[in-house]
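The values are calculated or read from the model by the stated rules, or taken from the named source; none is laboratory data. Not measured: the values here are computed from a predicted model. Positions of Cβ are backbone-derived with ideal geometry, glycine not excepted, and every protein chain shown enters the neighbour counts. Surface accessibility is based on the protein's heavy atoms, side chains included, excluding ligands, DNA and RNA. Shrake-Rupley method; radii C 1.70, N 1.55, O 1.52, S 1.80 Å.
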Amino acid sequence: MSGIRAQQKEKTRRLLIDAALNQLSAERSFSNLSLREVAKEAGLAATSFYRHFNDMDELGLTLVDESGLTLRQLMRQARQRIEKGGSVIQISVKTFMEFIESNGNEFRLLLRERSGTSPEFRAAVSREIRYFTMELCDYLQKANKLDAETSYLQANAAVTIVFSTGAEALDASAEEKALLAERMIKQLRIIARGAMDLSSRAKGPKG
């Protein structure tokens, strides 16, 4: 019986999370949502909210964590696809643009709360971006045999470009998104070539 209750509780919690995400848009940020609106969207009484979250801030922090995790999981899958052959940068950019298309509200949340008024939210988004950067850094260091500093510099620059381009892509047309993807591919290739050159210079001449 306890297992059934746990499943039901998780299902209800999921309803609240999805309800909050569904109400986000280009015109509406998380700070504009009310507890009652989220509960109503989920088909629940407002009092049910408190069985799952202490307040809207806790719900918001959960959304940030889940959004960051979703993005990281997609990029891990992209790296698995790369192992089977194909351009690292092209596959990564394609995967990221698919994330923007399918999870636009999650990305909006990360962008907005990154520079929002809540210190807790800013810290949570910074943490997710740091996780994303370090996973990419580890991959670059192993795949391209770069030194630690250079792989971090490349990862950091790449993530900066990706988030900036993602912000432009959110409300862009299909044609504009294609152009943004091409631009991002070129920018990431320039960074990758610079990283390889910097790493080879750091190693110095052999012999």
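Using protein chains only and a probe of 1.4 angstrom, how many square angstrom of Tyr131 are accessible, to the nearest 10?
Here the residue's solvent-accessible area equals roughly 100 Å².
By its C-alpha gyration tensor, with a ≥ b ≥ c as the square roots of the eigenvalues, how is segment 1-118 shaped: rounded for a/c under 1.5, else prolate for a/b larger than b/c, else oblate?
Oblate shape, in that a/c is at least 1.5 and b/c is the bigger or equal ratio.
Considering only C-alpha atoms, what is the centroid distance from segment 151-190 to segment 9-81, in Å?
Their Cα centres are 26 Å away from one another.
Students often get this wrong, so try it: which of (1) 20.9, 73; (2) 19.2, 61; (3) 19.9, 74 is Rg and Dmax of the Cα atoms in Å as calculated from the structure shown?
Recomputing Rg and Dmax of the Cα atoms in Å here picks out (3).
For the chain, what does the helix formula give at 222 nm: sum of -39500 (n - 2.57) over DSSP H segments with n ≥ 4, over the residue count, nearest 500 deg cm²/dmol?
-26500 deg cm²/dmol
Would you check segment 105-207 for Lys pairs whose C-alpha atoms are within less than 30 Å, ignoring same-chain pairs closer than 8 in sequence, and give me the count?
Lysine pairs, 8 or more places apart or on different chains, close enough: 8.
Calculate, for Gln73 and Leu35, the FRET efficiency according to 1/(1 + (r/R0)^6) with r their C-beta to C-beta distance and R0 41 Å; round to the nearest 0.05.
0.90
Using a Gaussian network model of the chain whose springs link C-alpha atoms within less than 10 Å, name the residue from Glu58, Glu83, Glu120 with the highest mean-square fluctuation.
Highest fluctuation among the options: Glu83.
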